[in-house]
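Asker: Handing you a structure now.
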């Protein structure tokens, strides 16, 4: 393991400073999976944050008495430059989920929101509580998002369309050009919000992303997060990219300020190409390991391009989840309307070797 990825050296350095208390063992015990458990349930990247992110977070924490000021513009400026955008195209939020909630509330005041019936949903209950009317469109027979059927559901009463690409929990990715055509066509009637939380893990990130439509001033919003490939789920930093008027609309409903330590870590890791490559390689290897575990047990998983795998295991996934939990493996249970589908997130490769053994034993018991 290269020096960049050595947590031991990093922790020694941090422990020598005033911020060492934040990283003491008693504090660590409050984060991550329970002792003795392997967590494969929340689509996290257990290899992050990077060493550069940890150092930046520690430095920022040492100055935690002060409100973060320029770091937000520094971070957004770096993201904007990489994507050929300007600062007024950018929105910063506490994880992408906050910006998603803000967008749903903002456009939910103007009309209905159309989305696939099985997709990322943590922001949906919040939207419903805010009085937003959601219209769910069934998936295709192959479990893919049915763009034609969604387009047919968009009329004058609809203000926003939500597409998660790759979709969660299926992991399936829409063809980039087909999605572009959809965005341009449907965008004449409603704003199209593309959630790209897992974009960096797709086979062709640039082709799959709709950022080029933002550059073209289309009626499109793209959301991203530092929670996945950057391994910063607990540090809560996300961002949106959109035409300035759309970005301003979302920003007007964002409530929280991302924390300074999180933003500093995000800024440090955004250009850390070595760590990004390291994380991507580990996650893709882990994904293939989970696919192989399913296949050797006679289960064909859906073709995922995220950091998780979704498969019909032929039995109730929530009941199976309980059996795996009893063997110290934490996975997701059933999602609505798909009781037999199980989602397994990526862990460290050594954890996935344990998963392979335990899954096979429990499944064939």
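Values quoted throughout were computed directly from the atomic coordinates according to the rules given, and no laboratory measurement underlies them. Source: prediction; values computed, not measured. Virtual Cβ from ideal backbone geometry, glycine too; neighbours counted across all protein chains shown.
Asker: Residue 297 versus residue 117, label points 7 Å from Cα toward the beta carbon: distance in nm?
Answerer: Placing both labels 7 Å along Cα→Cβ, they lie 2.7 nm apart.
Asker: Extension gain residue 256-residue 354, at 0.36 nm per residue separation less the Cα-Cα distance, in nm?
Answerer: 31.4 nm
Asker: Just want the ordering: 257, 107, from fewest to most Cβ atoms lying within 10 Å of their own Cβ. Show your work: numbers first, answer last.
Answerer: Values: 257 13, 107 26.
Exposure proxy ranking, most exposed first: 257, 107.
Asker: Please find the FRET efficiency linking residue 62 to residue 86, where r is the Cβ-Cβ separation and R0 is fixed at 30 Å, and quote it to the nearest 0.05.
Answerer: Details: r = 32 Å, r/R0 = 1.07.
So, using R0 = 30 Å, E works out to roughly 0.40.
Asker: Need the C-alpha centroid separation for the range 104-120 versus the range 205-234, integer Å.
Answerer: If you average the Cα positions of each part, the centres end up 18 Å apart.
Asker: Modelled label-to-label distance, residue 149 and residue 245, 7 Å Cα→beta-carbon offset: nm?
Answerer: Going from the residue 149 label point to the residue 245 one covers 3.3 nm.
Asker: Only Cα pairs under 8 Å and at least 6 apart count here; give the relative contact order of the range 275-363 as a rounded whole percent.
Answerer: Across the range 275-363, relative contact order equals 31 percent.
Asker: Can you list the residues of the range 267-305 with backbone N under 16 Å from a point 7 Å past the Cα of residue 340, pointing along Cα to Cβ?
Answerer: 295, 297-302
Asker: Next question, about the same structure. Among (i) 57, 56, 36; (ii) 85, 57, 42; (iii) 68, 45, 42, which one is Cα extents along the principal axes in Å computed from these coordinates?
Answerer: Identified label for the calculated read-out: (i).
Asker: If I model a spin label at residue 128 and residue 323 as a point 7 Å from the Cα along the Cα→Cβ vector, what separation in nanometres do I get?
Answerer: Each label point is offset 7 Å from its Cα along the Cβ direction, giving 3.0 nm.
Asker: Another question about this same structure. Relative contact order for the range 40-155: what is it in percent, counting Cα pairs under 8 Å that are at least 6 residues apart?
Answerer: Relative contact order comes out at 16 percent.
Asker: Now a separate question. So in the range 70-270, what percent of DSSP beta bridges are antiparallel if you round to the nearest 5? Display every interim value, and only then the final one.
Answerer: Working: 9 of 25 bridges.
Looking only at bridges with both residues in the range 70-270, the antiparallel portion is about 35 percent.
Asker: Using DSSP, restrict attention to beta bridges with both residues in the chain and report what percent are antiparallel, rounded to the nearest 5.
Answerer: 45
Asker: Taking neighbour Cβ counts within 10 Å as the exposure measure, how do 170, 202, 293 sort from fewest upward?
Answerer: Final ranking by Cβ density, sparse to dense: 202, 293, 170.
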